[in-house]
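Novice: Take this structure, written in structure tokens, and hold onto it; I'll ask about it next.
The values are calculated or read from the model by the stated rules, or taken from the named source; none is laboratory data. Being a predicted model, the structure only gives us computed values, none of them experimental. Positions of Cβ are generated from backbone atoms using ideal geometry, with glycine treated the same way; all protein chains shown enter the neighbour counts. The protein model used for the area step is the full one, side chains on, heavy atoms only, and it has no ligands, DNA or RNA in it. Shrake-Rupley method; radii C 1.70, N 1.55, O 1.52, S 1.80 Å.
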Amino acid sequence: MKMQTHKFLLILMMLIITMIFSQANARTHVTESILHQVAASLEMFVDELPRMPTVYGFSYDHHGSPTPAHPTIGMFQKKWKFHRDLPATRVFAYGTSREAATVPGPTIEAIQGVPTYVTWENHLPKKHILPWDPTVPTAIPKTGGVPTVVHLHGGVQDPPNDGYAFAWFTANFKETGPFWTKPTYFYPNVQHAGNLWYHDHALGMTRANLLAGLIAAYVIRDPKLEATLNLPAGPEFDRHLFIFDRSFCKDGSLYMNSTGNYPSIHPQWQPEYFGDAMIVNGKAWPYLKVQRRKYRFRIINASNARYLRLHLSNGLTFVNVGADKSYLPSPVPTKNILLSPSEIADVIVDFSTSKADEAVLINDARYPYPDGSLADPLNRKVMKFIIASGKPKQPDRSSIPASLVKYPIATTVGAAKTRYITMYEYLSPSGEPTQLLINGKTPEDPATETPKSGSTEVWEVINLTNDSHPLHLHLASIQAIKVQKLVKLDEFKDCMRAKNDALKCNVKAHATGKVFKIPDYEKTWKFTVKIEPGCQTTIIAKFYLVHTGEPYPFDATTEPGYLYHCHILDHEDNVMVRPLKLIK
């Protein structure tokens, strides 16, 4: 009874705080029109694209061999300039110090097979800079503070080092969540070379903490492999493009709506966050001067909810060499790329073939995706490349090989188990979203997905909502092999609402519609796949090291386990997330 009373008092306190936020927004008359005007007042392509600082996850011994490094990275509140003409913005940022902290944070460079130890420190204030909703399952410290926990997205590490949502901690570890164990995380870097990123993962706070700035890149390199591939390399020609959207008030502060779409249930939560300004590497609509040669761009969609469908205005081709954490079997040329939140595209662009002296990176994805509003003149443009005339300063000796890296083929043959995973959206009587669930369960319900460590499983993921959802599995390597339309959808939905059991609702008779093509640039082992509305998506999930076929070199069955969830952050927080427990 005492625990229930305490929880009630905490929720009451947060409701009062939410009301204060709402009143503050009302006093300043922050409207969608004003937010749009602020973004529209910022001249595009006047700030140069930043290069994020680098933190090395390795050092060298006296023999010149790489050895583990032990960096310390903190989370700090500071001011950040998103645009030349916008007042500095209060943000949360990762960095080795407050002065060095950036948005996005420093890129951690690791070497395959060489472990990295990172000590994570929380230096954030007592109060959050953004509104948050206590009526969704949320980490609520008793004495205040901003709860955080770092998840290495796409990393292969044991559960205590994965950044579990309930393993949060506040400044100086004053308060910790029920699964917090230690300040230093061990990343073995045993997986193949690829692109990852790290971000906050605190329970119920993910959308606010990432919106505030707690995002950064992590790269695992294999020097021998990269030497044979001979792709563009070096800090000038191998660049990260961290793309996300934000809205700003006139004073430069980040805007996040403090009134929910259905406030009588959730006073602050909104189904999706969409910003007016497009940000790349911490600058609104930046530019990058490039030479007429090949460049490698590792493009990360770090938006809370916005899908990106990207192309170049001068018609240049993206040559895809990787997706998420893996190389592709062979290069895939495309004119456009679709990235859901958290997905990564690893591409080569050859500016030597451009007839124009500039190229604008264009986004034409609807929001919400796929049937929402058309991209407007602000969120349609992302950044500009200014292409120098004449030959490059030094000869371009990089190349695009005919083949890249061969991994095991994704197939249902030999799978240990087939699971049916269903995505639901719950609506108010007026049709407003109030909650999203997987299999009708919350993250606090016991795990029902319990794969055997070392196994392969088939996950048939059924989307009964109107939106596309990026499904992210921690630890596992996943690949979609089939997307099929569900026929007689209303009939199937009615049955699922009543029985919540795909087999009892005869899903095999409904999953007989049109089969949609999976883009070639997604046909490799990933950490996120798109789950299309009204469809069943067949996913192969491998719970071992896909590049060697060997088991994990650690016990993946320990507490607290892992998670899988939608990576639209507003959906994840309310509460499209479930525990994933591996067994022996």
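Novice: Return the residues of the stretch 486-543 that are more than 29 Å from the chain's Cα centre (by Cα) and hydroxyl-bearing (Ser, Thr, Tyr); say none if nothing qualifies.
Specialist: Thr512
Novice: Only one of these is modelled with pLDDT of 95 or more, on the phi < 0 side of the Ramachandran plot and in contact with a helix residue (DSSP H, G or I) (Cβ under 6 Å, 6 or more places away or on another chain): His192, His199. Name it.
Specialist: The unique qualifying residue is His199.
Novice: For Leu475, which of the numbered conditions (1) touching a Phe, Trp or Tyr at 6+ places or on another chain (Cβ under 6 Å); (2) within 21 Å of Pro370 (Cα to Cα); (3) open to solvent by less than 20 Å² (accessible area, probe 1.4 Å) fails to hold?
Specialist: Checking Leu475 against (1) touching a Phe, Trp or Tyr at 6+ places or on another chain (Cβ under 6 Å); (2) within 21 Å of Pro370 (Cα to Cα); (3) open to solvent by less than 20 Å² (accessible area, probe 1.4 Å), the one that fails is (2).
Novice: Out of (1) surrounded by fewer than 21 Cβ atoms within 10 Å (Cβ to Cβ); (2) in contact (Cβ under 8 Å) with a residue 40 or more places away in the chain, the odd one out for Asn301 is which?
Specialist: (1)
Novice: Moving to a separate point now. Is it fair to say Asn257 is open to solvent by 20 Å² or more (accessible area, probe 1.4 Å), at pLDDT 95 or above and either basic (Lys, Arg) or outside the structural domain of Glu532 (by the TED database) (or both)? Quick ask: steps written out before the conclusion?
Specialist: Values: open to solvent by 20 Å² or more (accessible area, probe 1.4 Å): yes; at pLDDT 95 or above: no; either basic (Lys, Arg) or outside the structural domain of Glu532 (by the TED database) (or both): yes.
No, not satisfied.
Novice: Condition first: part of a loop (DSSP other than H, G, I, E, B) and open to solvent by 90 Å² or more (accessible area, probe 1.4 Å). Now tell me which residues in the stretch 486-502 satisfy that.
Specialist: Just the residues of the stretch 486-502 that are part of a loop (DSSP other than H, G, I, E, B), to begin with: 486-488, 500-502.
Selection gives Lys488 alone.
Novice: Can you find, within the stretch 284-298, the residue that is surrounded by the fewest Cβ atoms within 10 Å (Cβ to Cβ) among those that are out of contact with any Leu (no Cβ under 9 Å at 6 or more places or on another chain) and more than 23 Å from Phe244 (Cβ to Cβ)?
Specialist: Arg292
Novice: I'm checking my understanding of the structure. Among residues of the stretch 282-315 that are hydrophobic (A, V, I, L, M, F, W, C) and either assigned by the TED database to the domain that holds Glu572 or more than 24 Å from Tyr369 (Cβ to Cβ) (or both), which one is nearest to the chain's Cα centre (by Cα)?
Specialist: If we filter the stretch 282-315 for residues that are hydrophobic (A, V, I, L, M, F, W, C), which is where we start, we get 284-285, 288, 290, 297, 299-300, 302, 305, 308, 310, 312.
Of the ones still in play, those that are also either assigned by the TED database to the domain that holds Glu572 or more than 24 Å from Tyr369 (Cβ to Cβ) (or both) are 288, 290.
Working: Leu288: 24, Val290: 27 Å.
Checked the stretch 282-315; the qualifying residue nearest to the chain's Cα centre (by Cα) is Leu288.
Novice: Could you say whether any residue in the stretch 460-469 is crowded, with 18+ Cβ neighbours inside 10 Å, under 25 Å from the mean Cα position of the chain (by Cα) and under 28 Å from Tyr552 (Cα atoms)? Talk me through it step by step, then tell me what you get.
Specialist: If we filter the stretch 460-469 for residues that are crowded, with 18+ Cβ neighbours inside 10 Å, which is where we start, we get 460-463, 465, 467-469.
Okay, now just the ones that are also under 25 Å from the mean Cα position of the chain (by Cα), so 460-463, 465, 467-469.
Right, trim to under 28 Å from Tyr552 (Cα atoms) and you get 460-461.
Yes, the stretch 460-469 contains at least one residue that is crowded, with 18+ Cβ neighbours inside 10 Å, under 25 Å from the mean Cα position of the chain (by Cα) and under 28 Å from Tyr552 (Cα atoms).
Quick grid of which residues meet (1) open to solvent by less than 50 Å² (accessible area, probe 1.4 Å); (2) at pLDDT 90 or above:
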| position | (1), (2) |
| --- | --- |
| Lys7 | no, no |
| Ile16 | no, no |
| Ala24 | yes, no |
| Arg27 | no, no |
| Thr31 | no, yes |
| Gly74 | yes, yes |
| Arg84 | no, yes |
| Ala93 | yes, yes |
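Novice: Is there any pair linking a residue in the stretch 418-436 that is polar (S, T, N, Q) to one that is part of a strand (DSSP E or B), with Cβ under 6 Å and at least six apart or on different chains, and which?
Specialist: Qualifying pairs under 6 Å: Thr418/Val458; Thr422/Ile462; Ser428/Tyr262; Ser428/Thr434; Thr434/Tyr262; Thr434/Tyr426; Gln435/Tyr426.
Novice: Additional query: Quick check on this structure: which one of Leu130, Leu152 is of a type outside the set (Asp, Glu), buried (at least 19 other Cβ atoms within 10 Å of the Cβ) and either assigned to a strand (DSSP E or B) or modelled with pLDDT under 95 (or both)?
Specialist: Leu152
Novice: Here's another thing I want to ask about it. Report those strands (runs of 3 or more DSSP E) wholly inside the stretch 345-454 carrying at least 2 residues which are open to solvent by less than 60 Å² (accessible area, probe 1.4 Å), at pLDDT 95 or above and under 30 Å from Val156 (Cβ atoms).
Specialist: 417-427, 433-438
Novice: If we scan the stretch 465-473, do we find a residue that is hydrophobic (A, V, I, L, M, F, W, C), within 30 Å of Gly194 (Cα to Cα) and assigned to a loop (DSSP other than H, G, I, E, B)? Full working, then the answer.
Specialist: Of the residues in the stretch 465-473, the ones hydrophobic (A, V, I, L, M, F, W, C) are 471, 473.
Checking which are within 30 Å of Gly194 (Cα to Cα) leaves us with 471, 473.
Remaining after also requiring assigned to a loop (DSSP other than H, G, I, E, B): none.
No, every residue in the stretch 465-473 fails to be hydrophobic (A, V, I, L, M, F, W, C), within 30 Å of Gly194 (Cα to Cα) and assigned to a loop (DSSP other than H, G, I, E, B).
Novice: Turning to a different aspect of this structure: Exactly one condition in (1) more than 22 Å from Asn161 (Cα to Cα); (2) open to solvent by 20 Å² or more (accessible area, probe 1.4 Å); (3) free of Cβ contacts under 8 Å to residues at least 24 places away in the same chain is not met by Cys505; state its number.
Specialist: Every listed condition holds for Cys505 apart from (2).
Novice: Is it true that some residue in the stretch 168-181 is more than 29 Å from Val114 (Cβ to Cβ), touching a Gly at 6+ places or on another chain (Cβ under 8 Å) and touching a residue at least 40 places away in the same chain (Cβ under 8 Å)? Let's see the steps before the verdict.
Specialist: Quick first cut of the stretch 168-181, residues more than 29 Å from Val114 (Cβ to Cβ) only: 170-172, 174-178.
Imposing the further condition that a residue be touching a Gly at 6+ places or on another chain (Cβ under 8 Å) reduces the set to 170-171, 174-175.
From what is left, the residues that are touching a residue at least 40 places away in the same chain (Cβ under 8 Å) are 170-171.
Within the stretch 168-181 (the criterion being more than 29 Å from Val114 (Cβ to Cβ), touching a Gly at 6+ places or on another chain (Cβ under 8 Å) and touching a residue at least 40 places away in the same chain (Cβ under 8 Å)), the answer is yes, since at least one residue qualifies.
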